[in-house]
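In what follows, a single structure is set out as C-alpha cells and then discussed.
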Amino acid sequence: DAGVIQSPRHEVTEMGQEVTLRCKPISGHDYLFWYRQTMMRGLELLIYFNNNVPIDDSGMPEDRFSAKMPNASFSTLKIQPSEPRDSAVYFCASSLYRDSPLHFGNGTRLTVT
Amino acid sequence: EDKVVQSPLSLVVHEGDTVTLNCSYEVTNFRSLLWYKQEKKAPTFLFMLTSSGIEKKSGRLSSILDKKELFSILNITATQTGDSAVYLCAVLRGTTSGTYKYIFGTGTRLKVLA
C-alpha cells in the first residue's frame, strides 16, 4: 500500500500564476478529500468526492479554486489566479467509507509571492 | 456553529513524564471522534472513538470519550522525544443532506525534551 501520493511536494509561484496540485488516493478508497492547513485556521476542508463525484465544495474559498476527479485514481486542485493569501499546505486524503479514518498524503507546501 | 477545541495549545515536558491532552466539542449529529499525530508531514491516524467510557490503547497511548460531557482525552505515558508532534482531534458529524463531515481542532503542540 503506497499511501496517498501528492505532487509536487513544494510549489513556489508568483501571484497571478496558475497552480495545479495532484493527488493519487489509496486504491479502493471511495472518498477523496482536499484540505488546506495554515497556522491561523488549522485544517480546513475544501472539497470532497465520493466515487469521483464532488459531494461538498462549500469550503472552496472562491471561484479561483477548482477541483476535479476524472477517475478513481487521480484528482487535481487548481488555483487560478493564485494570490499570496493562498500560501498554505494543501493535503489530500482518502478514506474507504464515509465514516472511516482519513489517510493523508504528505501535502504540498504552496508559497505564492 | 460546530466547535472542536483542544487544550492546551502547547506543552513542553521531559522524557518520562505523563501528559494528558484534551479535546472538547460541540457538534450536531455526532458520529465519532478521532485523534491524529502530525509530525513534519501528514497527520497519521491514532484512534477512533464512538462509544463513551471505552478506553482505546496502543502502547503508551490511550484515549477515552465522554459523550455526556462532550470531551475526549489522549494520554501518553513515559513520554519519549519521538512523541514530539502536533496532536489533532477531529469530530465526524452527519449533515442534514446525509453526508458526513470532519471538523478538526487546531491541535496541541507537544515537545518532549531529552
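The values are calculated or read from the model by the stated rules, or taken from the named source; none is laboratory data. The structure presented is a predicted model; accordingly, all values stated were derived computationally and were not measured. Note that we place each Cβ from the backbone using ideal geometry, even for glycine, and neighbour counts take in every protein chain shown. These accessible areas exclude ligands, DNA and RNA; they are computed on the full protein's heavy atoms, side chains included. Shrake-Rupley method; radii C 1.70, N 1.55, O 1.52, S 1.80 Å.
Annotations for the structure displayed:
- Failed item, numbered, when A:E11 is tested on (1) within 19 Å of B:A42 (Cβ to Cβ); (2) acidic (D, E); (3) at pLDDT below 95; (4) open to solvent by 40 Å² or more (accessible area, probe 1.4 Å): (3)
- Among the numbered conditions (1) away from chain B (no Cβ under 13 Å); (2) in contact with a helix residue (DSSP H, G or I) (Cβ under 9 Å, 6 or more places away or on another chain), the only one that A:R36 does not meet is (1).
- Failed item in (1) away from chain A (no Cβ under 11 Å); (2) in contact with a Cys (Cβ under 8 Å, 6 or more places away or on another chain), with B:V4 passing the rest: (1)
- Residue in region B:21-28 that is farther than 17 Å from A:D99 by Cβ, touching a residue at least 24 places away in the same chain (Cβ under 8 Å), not in a strand (DSSP E or B) and not small (G, A, S) present: no
- Test for B:K101: is it loosely packed, with under 15 Cβ neighbours inside 10 Å and either in a strand (DSSP E or B) or of a type outside the set (S, T, Y) (or both): no
- Only residues that are on the phi > 0 side of the Ramachandran plot and open to solvent by 30 Å² or more (accessible area, probe 1.4 Å) were counted across region A:40-55, and they come to 2.
- Only one of A:Q17, A:Q6, A:Q37 that is touching a residue at least 12 places away in the same chain (Cβ under 8 Å), at negative phi and part of a loop (DSSP other than H, G, I, E, B): A:Q17
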